[in-house]
Structure formats: C-alpha cells, structure tokens
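Peer 1: Dropping the structure in here first, questions after.
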Amino acid sequence: MDRNLALNIVRVTEAAALSCSRYLGRGDKNAADQAAVDGMRKMFDTLNIDGVVVIGEGEMDEAPMLYIGEQLGRCINNSLKVDVAVDPVDGTTAVAKGLPNAISVVAMAPRGCLLHAPDMYMDKIAVGPQAAGKINIDAPVEENLKAVAQALNKDISDLTVTIIDRPRHAELIEKVRKAGARIKLFTDGDVAAAIATCFEHVGVDILLGIGGAPEGVIAAAALKCMGGEFQGKLYPMNDEERRRCMDMGIGDINKILTMDDLVKGNEVFFAATGISDGELLKGVVYHQNNVAKTHSMVARMETGTIRFVEAIHKLDKKPEYAK
Ligand code: VTB
Ligand code: MG
Ligand code: MG
C-alpha cells in the first residue's frame with residue numbers, strides 16, 4: 001500500500017475530531033457522534049482508494065453513513081482495494097461529558113484482511129512491545145501479571161493495569177489487587193487505553209477487561225503497527241449473539257483471536273486523533289484568531305514508523321469546522 005496513505009488517513013481522523021470537538025461537554029453524545037461521522041465521511045471521499053467499511057457505525061439500515069459494507073473513497077480504476085475499520089468517536093459519552101480519552105480512529109488494510117467482528121463484547125488483553133509474546137488471555141490474571149512484570153524487569157507492585165470501570169470487572173479488579181499490581185480505571189475508550197500500553201512514558205503496562213469487539217479489531221491493528229500484542233475472545237451475552245459468532249465462522253467462542261486473526265498480513269495503517277484530552281494524545285485545542293490544533297498519531301506496520309502529528313488548522317479557511 002502507498003506509504004502516503006498515512007498522511008491521508010490522518011486527515012480523516014483530524015476531520016472527525018475537528019467536527020466532533022465542538023460538542024465537548026455539551027451533553028449530547030448523538031450530536032457529537034453525528035458530527036464526527038459527517039466530518040470523517042466527507043474526507044474519505046477525497047482519497048484515492050476503493051474502500052469498504054468492515055467495522056463501522058452499524059448495518060446499512062441503522063446507520064446512514066459509514067455503515068458496514070459502505071463503499072469509501074474515489075473508487076476509480078487504479079484505486080487500491082482496502083478494508084476500512086472506523087470509529088469516528090471512541091468514547092461518545094466522554095465527549096458529551098468532557099471526560100478524557102475520546103479519540104477518532106481509522107485502520108486500513110488490503111481487502112479481506114480485517115476481521116468483520118460483530119457488534120458485541122470482547123474480552124481483551126493488550127501489552128506493549130517489551131511484553132509481546134509473553135501473554136495468554138486464557139491464563140489466570142496473576143500469571144499474566146507475573147509474565148509481564150518479568151518482561152518489563154519490574155516487580156508486580158510496580159506494574160500498572162488499566163481497566164474500563166464497569167461493574168462487570170469487579171472480580172477482575174479484585175484479582176489484580178490480590179496479585180499486588182496497581183490499577184488505573186478509565187471511564188470510556190479502550191482503544192486509547194490499549195495503545196497507551198505501547199508507550200512507556202504513559203505509565204500503563206497492560207490492558208485487561210471486556211469492551212467492544214469492533215474496538216478490539218481497531219486496537220489489534222494499532223498494536224500490530226506498534227509491535228505490541230493484543231488478544232481477544234468474543235464475549236456473546238445471549239443466544240442471538242452466539243448465533244452471530246457461528247455465522248461468522250467462530251463456532252468455538254472460546255477461540256483466542258490473535259492479532260493475525262483480527263488483522264491479517266503486514267500491510268496495515270492506523271491513525272488516531274485526540275478529541276478530548278488523553279494521556280497519549282491531547283484533545284482539540286482552540287486558540288486565538290480562529291485557530292484549532294489537533295494531536296494525532298499515525299503508524300504503518302510495514303516499516304514500523306510511528307508519527308505524531310500536531311496540526312494547526314486555520315478555521316477561517318476551513319469554514320466546515322468553524323463554530
Ligand atoms: C466499550 C469500549 C469502548 O465503550 O465498547 C465501551 O470498547 C462500552 O462498554 O471503547 P459498556 O457497554 O460497558 O458501556 C467504549 O468505552 C467507548 O465506545
Ligand atoms: Mg463510536
Ligand atoms: Mg467505540
């Protein structure tokens with residue numbers, strides 16, 4: 001895939017973040033989401049790709065845009081055929097309340113390479129490059145913590161586990177406490193939390209817990225680019241969801257989904273832009289004279305290059321993102 005796609009997909013997440021960030025703290029998560037979807041969709045049409053949404057806003061009849069199966073890009077003769085996974089806002093509640101960790105994300109890979117994960121829960125474990133190869137989602141929590149601590153040359157008591165703050169994680173939290181590790185809970189956005197494990201300065205070593213399966217595919221794409229490791233297991237809550245797993249060929253719901261199951265091959269791109277402030281990416285900041293600043297990252301698996309892109313947007317010249 002053309003390496004310049006990297007800059008183009010940052011444009012896409014920037015557009016979503018700039019459109020959405022107007023809604024920070026306004027208490028309206030649907031409006032925030034809609035704005036991000038609109039901004040993202042428009043920018044996609046400027047790219048020379050023949051894209052299909054495999055992870056998106058839902059099925060065609062429930063989402064007007066960025067629905068699963070939707071064609072994206074200019075789709076001309078020589079356009080690259082790609083799978084696209086989007087989450088225009090991961091953390092709509094966080095945007096509505098002005099809480100941290102909301103980002104806009106896109107992953108892209110050659111056609112057929114991204115798993116069409118159903119919209120249900122997924123149990124997840126994620127670590128950064130130094131602990132890659134040392135984890136096993138089926139192992140007891142304590143064992144994973146021990147292995148990660150050893151890989152990082154730390155004591156378990158110096159390890160920080162990040163977990164989404166939900167009642168369903170009470171038992172998991174108890175186990176981590178018993179093992180002696182520190183815990184950082186977050187309210188929303190486990191894609192950003194998974195990515196954070198790959199950057200030592202952020203100070204989280206491992207992500208554990210149950211979040212969305214679509215977000216799992218996106219996080220796997222990101223961690224594949226960054227040399228970390230992600231494992232997931234679909235977590236159906238009822239018969240209907242179990243049937244959906246069967247339909248997609250995952251009859252054994254206990255199957256561990258590795259990064260290669262979730263994202264095939266080594267031609268993967270990933271981009272994210274902060275909407276609200278996160279530990280890795282700052283949110284959109286509005287400066288004087290009608291200027292907005294965005295903070296993004298973009299990674300390409302083939303070369304392992306990770307770029308942090310701080311962009312200054314003159315909103316006088318981009319009326320679509322003005323007030
Ligand atoms: C998960 C997580 C997302 O929402 O989907 C979560 O993957 C929803 O969890 O990153 P609940 O059903 O418990 O609310 C996010 O945190 C944000 O979309
Ligand atoms: Mg979303
Ligand atoms: Mg989401």
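Peer 1: Which value in nm describes the separation of the simple spin-label points at Ala311 and Asp45, placed 7 Å from the Cα toward the beta carbon?
Peer 2: 1.8
Peer 1: Let me ask you something else. Taking the convex hull of the Cα atoms, report for region 145-191 its projected area averaged over all directions, in nm².
Peer 2: Working: hull surface 13.6 nm².
Taking a quarter of the hull surface, the average projection is 3.4 nm².
Peer 1: Which one, Ile306, Leu257, His295, is farthest towards the positive end of the dipole of region 257-306 when Lys and Arg carry +1 and Asp and Glu -1 on their Cβ?
Peer 2: His295
Peer 1: Compute the FRET efficiency between Arg243 and Gln288 as 1/(1 + (r/R0)^6), taking r as their Cβ-Cβ distance and R0 = 51 Å, and round to the nearest 0.05. Could you put the intermediate results ahead of the total?
Peer 2: Numbers: r = 55 Å, r/R0 = 1.09.
Result of the calculation: an efficiency of 0.40.
Peer 1: Explain nothing, just compute: Karplus ³J(HN,Hα) = 6.51 cos²θ - 1.76 cosθ + 1.60, θ = phi - 60°, for every residue of region 33-40 in order, whole Hz, x for Gly and Pro.
Peer 2: The phi angles translate into 5, 4, 4, 5, 4, 4, x, 5 Hz.
Peer 1: Using alpha carbons only, how many angstrom separate the centre of region 151-210 from the centre of region 250-285?
Peer 2: That distance is 17 Å.
Peer 1: Starting from the amide H of Ile125, placed 1.01 Å from N in the peptide plane, find each other amide H under 5 Å away whose residue is 5 or more places distant or on another chain.
Peer 2: Those lying under 5 Å, H to H, from Ile125 are Gln231.
Peer 1: Sticking with this one: Which of Gly212, Ile103, His116 sits farthest toward the positive end of the charge dipole of the chain, with +1 on the Cβ of Lys and Arg and -1 on the Cβ of Asp and Glu?
Peer 2: Final value for the positive-end residue is Ile103.
Peer 1: Once you treat every alpha carbon in region 210-269 as an equal point and sum by Debye, what is log10 I(q)/I(0) at q = 0.16, 0.18, 0.26 Å⁻¹?
Peer 2: Ignoring solvent entirely, the Cα scatterers give -0.51, -0.63, -1.08.
Peer 1: Once every DSSP H run of n ≥ 4 in the chain is given -39500 (n - 2.57) and the sum is divided by its residues, what mean residue ellipticity at 222 nm do you get, rounded to the nearest 500 deg cm²/dmol? It would help to have the intermediate numbers written out before the result.
Peer 2: Working: 9 runs with 93 residues, N = 323.
Computed mean residue ellipticity for the chain: -8500 deg cm²/dmol.
Peer 1: Quick check on region 121-262: what does the Kirkwood estimate of hydrodynamic radius come out to from the alpha carbon pairs, in Å? Provide the component values of the computation, followed by the final result.
Peer 2: On the way: mean 1/r = 0.0665 Å⁻¹.
For region 121-262, inverting the mean 1/r across all distinct Cα pairs yields 15.0 Å.
Peer 1: Another question about this same structure. Sequence-distant or interchain residues sharing an amide H contact under 5 Å with Phe186, placed H: which?
Peer 2: Ile163, Ile164, Asp165
Peer 1: Where nothing but the Cβ of Lys and Arg (+1) and of Asp and Glu (-1) is charged, how large is the charge dipole of region 121-262 around its Cα centre, in debye to the nearest 20?
Peer 2: Computed about the Cα centre, the dipole is about 220 debye.
Peer 1: Would you work out the charge dipole size for the chain about its Cα centre, treating the Cβ of every Lys and Arg as +1 and the Cβ of every Asp and Glu as -1, and quote it to the nearest 20 debye?
Peer 2: Working: 37 positive and 45 negative charges, 184 e Å.
It works out to roughly 880 debye.
Peer 1: Springs between alpha-carbon pairs under 10 angstrom, Gaussian network model over the chain: which of Asp45, Asp239, Asp158 fluctuates most?
Peer 2: Asp239
Peer 1: Could you grab the relative contact order for region 39-116? Cα pairs under 8 Å, six or more apart, rounded to a whole percent.
Peer 2: Working: 157 pairs, mean separation 23.4, N = 78.
Reported relative contact order: 30 percent.
Peer 1: Output the relative contact order of the chain, whole-number percent, from Cα pairs under 8 angstrom with separation of 6+ residues. Kindly include the intermediate steps, with their values, before the conclusion.
Peer 2: Details: 796 pairs, mean separation 64.2, N = 323.
Computed value for the chain: 20 percent relative contact order.
Peer 1: Past the 21 angstrom mark, what percentage of all C-alpha to C-alpha distances in region 182-312 do you count?
Peer 2: Values: 4109 of 8515 pairs.
The share of Cα pairs beyond 21 Å in region 182-312 comes to 48 percent.
Peer 1: While we're looking at this one, here's another question. Suppose the chain between Glu200 and Cys75 were pulled fully straight at 0.36 nm per residue; how much longer would it get relative to their current alpha carbon spacing? Please list the in-between numbers first.
Peer 2: Working: separation 125, 0.36 × 125 = 45.00 nm, distance 3.98 nm.
Using 0.36 nm per residue and subtracting the Cα-Cα distance, I get 41.0 nm.
Peer 1: Measure up Lys134/Lys224; Lys146/Lys175; Lys293/Lys318; Lys97/Lys233; Lys42/Lys97; Lys42/Lys314 against 23 Å on the Cα-Cα distance and list the ones that go over.
Peer 2: Working: Lys134/Lys224 15 Å; Lys146/Lys175 13 Å; Lys293/Lys318 13 Å; Lys97/Lys233 30 Å; Lys42/Lys97 26 Å; Lys42/Lys314 18 Å.
From Lys134/Lys224; Lys146/Lys175; Lys293/Lys318; Lys97/Lys233; Lys42/Lys97; Lys42/Lys314, over 23 Å: Lys97/Lys233; Lys42/Lys97.
Peer 1: Using only the alpha-carbon atoms, what does region 1-114 span along each of its principal axes? Please give whole angstrom values in decreasing order.
Peer 2: Computed over region 1-114, the largest-to-smallest principal extents equal 43, 31, 21 Å.
Peer 1: OK, next. Could you sort the peptides 224-237, 82-95, 53-66 by per-residue average Cβ neighbour count (10 Å cutoff), highest mean leading?
Peer 2: Working: 224-237: 21.7, 82-95: 27.0, 53-66: 17.5.
Ranked from most to least packed, the peptides come out as 82-95, 224-237, 53-66.
Peer 1: Okay, next question. In 20 Å bins starting at 0, how do the alpha-carbon pair distances of the chain split up by percent?
Peer 2: It works out to 34, 59, 7, in whole percents.
Each value in this text was obtained by applying a stated rule to the coordinates, not by laboratory testing. Everything numeric here is computed off the predicted structure, so don't read it as measured data. Note that each Cβ is placed from the backbone with ideal geometry, even for glycine, and that neighbours are counted across all protein chains shown.
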